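Okay, structure first, notes after.
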Amino acid sequence: MDQSPFASQVTDGVFGYVQPDGSWWINNCGFVAAGDHTVLIDTCSTERRTRALLATAESVGGAPVTTVVNTHHHGDHTNGNYLAVGATIIGHRKTREVMVATGINTYENSFTGNDWGHLELRPPEVLFDDRLTVHAGDVRLELIHPGHAAHTTNDVLVWLPERRVLFVGDMIFNGGSPFALMGSPAGWRKALDLVRELEPETIVPGHGPVCGPEAIDVVDGYLGFLQKLASYGKAAGLTPLQAAREADLGPYAALSEQERLPANLHRAYAELDGLEWGAPIDLGAALADMVTFNGAPIRCFS
């Protein structure tokens with residue numbers, strides 16, 4: 001098998017596709033070489049990046065991509081689905097529901113610099129609610145929804161139990177600030193307990209380098225910090241933006257994408273008000289605060 005600058009073998013026939021620098025709209029994917037076919041985990045945000053991913057997966061895997069698993073609905077993981085011509089797209093039922101309801105979102109008022117290319121909406125066609133097993137040659141992939149909102153309402157863990165490898169989607173940002181706006185800080189922390197229970201040895205995160213289980217505690221710690229900051233901010237009568245501007249990030253100051261903090265606080269405030277995990281909130285107001293915190297629309301390199 002050939003190698004790629006982005007594809008690294010994490011176990012026999014299983015590859016992480018890691019795209020530096022892993023910031024906004026630059027995600028990780030993965031694929032499993034199954035002999036006569038290849039199973040892909042997520043696509044990319046842009047036409048160019050997805051075409052490169054598919055070419056790598058088919059070259060390194062040695063066979064066409066016949067199956068794509070989406071780890072959640074966000075465009076950096078699903079925009080390129082339509083380019084996997086002839087492949088079946090698998091995802092959580094809510095992944096399809098959100099994608100059909102909202103279409104392709106580029107959030108042009110919040111982000112600048114993306115080279116989208118030509119995009120077409122293609123939500124998953126094969127749906128599940130709790131768990132689904134996919135076989136890729138001799139590799140078993142257990143698709144697991146945590147049962148509640150976490151990073152989003154429709155996160156899917158792709159667990160390879162015999163290999164102790166976990167494609168965790170955006171439930172782990174390795175080196176970047178977690179983004180909870182469309183999910184739930186409390187639900188996410190509960191979902192991380194499920195990740196711990198699986199006892200993975202290798203984790204392919206949604207963004208950032210391949211890592212081990214030590215990354216779980218960093219994300220959990222940030223979410224705990226977020227909850228405490230939200231409690232303080234509400235008690236002090238601060239808006240999410242004001243609380244973010246006053247915050248001392250402490251050990252999380254080194255994480256990238258710190259502009260996510262005010263948006264995360266919008267969600268944490270809503271939960272303090274009693275809103276159910278993952279329930280709709282005003283995304284526009286949260287994104288606007290994020291841009292204000294950043295001082296300008298957020299520069300992207302996808």
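The single condition among (1) surrounded by fewer than 21 Cβ atoms within 10 Å (Cβ to Cβ); (2) aliphatic (A, V, I, L, M); (3) within 25 Å of residue 290 (Cβ to Cβ) that residue 198 does not meet is (3). If you check 210, 204 for being buried (at least 19 other Cβ atoms within 10 Å of the Cβ), touching a strand residue (DSSP E or B) at 6+ places or on another chain (Cβ under 9 Å) and in contact (Cβ under 8 Å) with a residue 40 or more places away in the chain, only one passes: 204. Here segment 95-119 is the region considered, the condition is being among the aliphatic types (A, V, I, L, M) and in contact (Cβ under 8 Å) with a residue 24 or more places away in the chain, and the residue that is least open to solvent (accessible area, probe 1.4 Å) is 99.
Taken as a whole, the condition of being open to solvent by 30 Å² or more (accessible area, probe 1.4 Å) and either modelled with pLDDT under 95 or under 19 Å from the mean Cα position of the chain (by Cα) (or both) does not apply to residue 58. Looking only at residues in segment 139-154 that are touching a residue at least 40 places away in the same chain (Cβ under 8 Å) and of a type outside the set (A, V, I, L, M), the one that is surrounded by the fewest Cβ atoms within 10 Å (Cβ to Cβ) is 148.
Within segment 139-179, being in contact with a Gly (Cβ under 8 Å, 6 or more places away or on another chain) and assigned to a loop (DSSP other than H, G, I, E, B) holds for 146, 148, 149, 150, 151, 152, 153, 154, 155, 156, 174, 175.
Is segment 265-282 home to any residue that is open to solvent by 50 Å² or more (accessible area, probe 1.4 Å), over 26 Å from residue 295 (Cβ atoms), in a helix (DSSP H, G or I) and not basic (Lys, Arg)? Yes; the residues of segment 265-282 include at least one that is open to solvent by 50 Å² or more (accessible area, probe 1.4 Å), over 26 Å from residue 295 (Cβ atoms), in a helix (DSSP H, G or I) and not basic (Lys, Arg).
The values are calculated or read from the model by the stated rules, or taken from the named source; none is laboratory data. This one's a predicted model, so the numbers in the text were calculated from it and none came from an experiment. Glycine gets a Cβ as well: all are built from the backbone with ideal geometry, and neighbour counts include every protein chain shown. Ligands, DNA and RNA are stripped out before the accessible areas are found, and what is left, the full protein with its side chains, is counted by its heavy atoms. Shrake-Rupley method; radii C 1.70, N 1.55, O 1.52, S 1.80 Å.
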